[in-house]
Structure formats: structure tokens, C-alpha cells
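Report on one structure; see the data block that follows.
The values are calculated or read from the model by the stated rules, or taken from the named source; none is laboratory data. Computed from a prediction, not measured in an experiment: that's the story for all the values here. Glycine gets a Cβ as well: all are built from the backbone with ideal geometry, and neighbour counts include every protein chain shown. Ligands, DNA and RNA are excluded from the accessible area calculation, which covers all protein heavy atoms including side chains. Shrake-Rupley method; radii C 1.70, N 1.55, O 1.52, S 1.80 Å.
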Amino acid sequence: MPAPRLPYSMPELSDTDRIARVEALLAEMQSRRSCRDFSDRPVPRDLIERCLAVANTAPSGANRQPWRFVAIDDVAIKHEIRLAAEAEERESYDWRMPPEWLEALEPIGTDAQKPFLEIVPWLIVIFRVDWEIVRGTKYKNYYPVESVGLASGFFLAACHRAGLATLTHTPSPMGFLRDILGRGKNEKPFLLIPVGYPADDCTVPDLPKTDVCELLQWNR
Ligand code: IYR
């Protein structure tokens with residue numbers, strides 16, 4: 001059955017104002033960096049909840065919202081996640097990742113040690129839901145990967161806007177997150193996102209972005 005409809009209301013702006021607004025957003029997003037060295041300074045739970053509320057506004061296939069968020073500030077659970085993630089990462093760095101991959105990571109300087117997973121105040125795990133059982137009927141979700149990717153991007157942007165640092169972390173394989181967090185078998189871990197403040201002496205690699213004009217084609 002079609003849903004009731006609402007007018008689409010947007011602010012009426014001059015093109016100058018539109019450019020100014022997008023330039024301000026661009027400058028803000030250009031200052032976002034992946035953080036791998038967090039402070040233990042606490043972040044209020046409400047702030048995390050509001051950033052996840054932003055993630056939850058993302059478009060999704062048939063508006064099914066094929067995501068679940070688990071927000072963890074419990075010290076024991078963070079410790080358990082760190083140990084499990086490091087065990088997977090050691091295997092990856094020792095033999096799973098081919099030399100070209102290790103070489104590609106050299107500028108970033110990562111290794112199998114992930115102490116930040118228990119120093120950071122919050123770990124957010126985003127799960128992807130490919131199907132659901134509602135009142136005994138199994139429903140397939142549509143475009144779950146695209147949808148969860150969009151929600152994750154909205155979440156990173158919301159955190160950055162709130163002055164919080166994040167990392168999109170994918171200790172692979174991530175099945176241990178479903179086990180530790182007791183989630184259903186229709187939920188697949190998508191991203192593990194530490195959220196907090198950078199440590200006082202945190203540095204990030206100086207990695208430039210390719211100019212958008214080189215990655216953009218207009219028409220044919
Ligand atoms: N998951 C590993 C390796 C890693 C992979 C990619 I692709 C990165 O952009 C960064 C790291 C780790 O987190 O160390």
C-alpha cells in the first residue's frame with residue numbers, strides 16, 4: 001500500500017549561499033582523519049546516540065534500514081574485542097595479506113597491535129542485516145551493503161561534526177564480533193568504529209587526496 005505523502009521542503013537559497021555552504025562542509029570534511037591513537041577521555045552516551053540517529057537517517061533499499069548498531073563502553077567487552085581482533089590481525093599480517101597489500105599499508109604504518117580498541121571510550125559495531133524474520137515470515141533486505149555503507153558514512157560525518165575522532169576498522173574476519181556481542185546469525189559485522197578524542201600526542205600520516213577533478217568525468 002502506498003505511504004501517505006508529504007511536501008518536500010527545502011530552503012530557498014542563492015547559488016552564492018549554496019556554494020558557501022558546501023565549501024564550509026568541504027573544509028570541515030577535509031579535516032577528518034582516521035585516528036589510531038585515542039585518549040581515554042569519556043564521551044557522553046547521548047552524543048553517541050545522536051550520531052547514530054544521524055546514521056539512521058541514511059537512505060536504504062526499500063527503506064528497510066538493514067543495519068543494527070551496537071555501542072560498547074564496557075571495559076571487559078572492549079578488552080575481549082581487542083584480544084580477538086589482535087588474534088585475527090596477527091594471522092592477517094603474518095600470512096593472510098599478500099606482500100602487495102602489506103606494501104600498500106606501509107605509508108599508514110599499521111600493524112597487528114590494536115591497543116586503541118580498549119583505550120577508546122566507545123566501540124561502535126555496525127551490523128548488516130541481509131534478511132529478517134518478522135512474525136514468522138522471512139524477508140530479504142535490498143541493497144544491504146550499499147545501505148549500510150551509506151549509514152556508516154553518515155555516522156562518520158556526524159561524529160566529525162560533533163568533534164569526535166573515528167576509525168573505520170575491519171579486523172578480518174570479523175565473525176568474532178557477532179559471537180562476543182551475542183547477535184543473531186542474520187547479522188554480519190560490517191565495520192568496527194572506535195569513537196573518541198585523539199590522544200594528546202596523536203599524529204596521522206600526511207596522505208593527500210587525489211584532486212576530485214582527476215576522479216570526475218562530466219558527461220561522455
Ligand atoms: N585490518 C588491518 C589491515 C588494514 C587494511 C586496510 I585496506 C587499511 O586501510 C588499514 C589496515 C588493520 O586494521 O591493521
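Summary table below
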{"read-out": "Most positive-pole-ward Cα, Gly136, Tyr93, Gln113, against dipole of segment 34-200 from beta carbon charges", "value": "Gly136"}
{"read-out": "Rg [Å, one decimal], Dmax [Å, integer] - segment 47-153, C-alpha atoms", "value": "17.2, 50"}
{"read-out": "Helix-only mean residue ellipticity at 222 nm for the chain, each DSSP H run of n ≥ 4 adding -39500 (n - 2.57), per residue, nearest 500", "value": "-11000 deg cm²/dmol"}
{"read-out": "Inter-label distance, nm, simple model (7 Å from Cα along the C-beta direction), Asp46/Ser9", "value": "2.6"}
{"read-out": "Stretch gain in nm, segment Asp211-Ser34, where the contour uses 0.36 nm per residue and the Cα spacing is subtracted", "value": "61.8 nm"}
{"read-out": "Counted charge near Trp131, where neighbours are those whose Cβ lies closer than 9 Å (Asp, Glu -1; Lys, Arg +1)", "value": "0"}
{"read-out": "Rounded accessible area per residue of segment 34-200, 1.4 Å, Å²", "value": "53"}
{"read-out": "Integer Hz, Karplus 6.51/-1.76/1.60 couplings in order for segment 118-123, x for Gly and Pro", "value": "10, 7, 4, x, 10, 10"}
{"read-out": "Chain lengthening between Arg220 and Glu100 when straightened (0.36 nm per residue, less Cα-Cα)", "value": "39.9 nm"}
{"read-out": "Size of electric dipole in segment 34-200: Cβ of Lys, Arg +1 and of Asp, Glu -1, about Cα centre, debye, nearest 20", "value": "980"}
{"read-out": "Anchor Lys114: lysines whose Cα lies under 17 Å away (excluding residues fewer than 8 positions away in-chain)", "value": "Lys78"}
{"read-out": "Whole-percent carbon and sulfur share, accessible surface of the chain, 1.4 Å", "value": "54"}
{"read-out": "Estimated FRET transfer efficiency when R0 is 30 angstrom, pair Cys202-Thr57 (beta carbons, to 0.05)", "value": "0.50"}
{"read-out": "Student exercise, segment 84-129 dipole from Lys, Arg, Asp, Glu Cβ charges, in Debye to nearest 20", "value": "280"}
{"read-out": "Where only alpha carbons of the chain are counted, the Rg and the Dmax (Å)", "value": "19.5, 56"}
{"read-out": "Residue-wise HN-Hα coupling along segment 75-83, computed from phi with Karplus coefficients 6.51, -1.76, 1.60 (Hz; x: Gly, Pro)", "value": "4, 5, 5, 4, 4, 4, 5, 4, 4"}
{"read-out": "Table column - 3J(HN,Hα) (Hz), segment 151-168, Karplus curve with 6.51, -1.76, 1.60, x for Gly and Pro", "value": "4, 5, x, 4, 5, 4, 5, 5, 4, 4, 4, 7, x, 10, 8, 9, 9, 8"}
{"read-out": "Solvent-accessible surface ranking, highest first, for Trp131, Trp122 at 1.4 angstrom", "value": "Trp131, Trp122"}
